[in-house]
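FYI, it's all coordinate maths here, none of it is from the lab. This is a predicted model, so every value here is computed, not measured. Reconstructed Cβ throughout: ideal geometry from the backbone, glycine too, with neighbour counts over all protein chains shown.
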């Protein structure tokens, strides 16, 4: 069987018992405030008895009189140096910009040259392909013409053979007829 905690069994018992952590915190807080009040009341002297003594004799400044023309001249020198520095920086920037423009122009020319070379290669490749196709077509046509010529030659040979055979047959027929005729004549003469 499960064990029940005493707080769950009796809620009124829980509210009557002080929590040990809260009680301790309250006592520490009261103690700390008491200590602070005692320190403030006893330990702080509200009146100041310190006497301010004047410092030793002030240091005398050692100064030299300066001619205003020399100061102006020095200022002009410094300004001239600043101007020269600014002009030199501006010149460097202009040169850098010119180098960048020159590099861009060179790259653009290189790109155009490469494109022209690419187009020339493509054109050359197309011409080669066309030439190759033309040669293949000529080769095919030549092969067809050769086959036709061979077929015509065979046909002519066949016709010549047939004609020769027909002549032989006609000659054999004529000879047979002549022999038959001669035989007939001999038989008639013999009768």
Starting from one equal scatterer on each C-alpha and no solvent at all, send me the Debye-based log10 I(q)/I(0) for the range 110-157 at q = 0.13, 0.14, 0.21, 0.25 Å⁻¹, two decimals.
-> -0.51, -0.54, -0.74, -0.83
Calculate, in nm to one decimal, what residue 111 and residue 97 gain on full extension: separation in residues at 0.36 nm each, minus their alpha carbon distance.
-> 3.0 nm
Residue 173-residue 120 pseudo-label distance in nm [points 7 Å out on the Cα-to-Cβ vector] | 7.8
Taking alpha-carbon centroids only, the range 145-170 lies from the range 61-126 a number of Å equal to 93
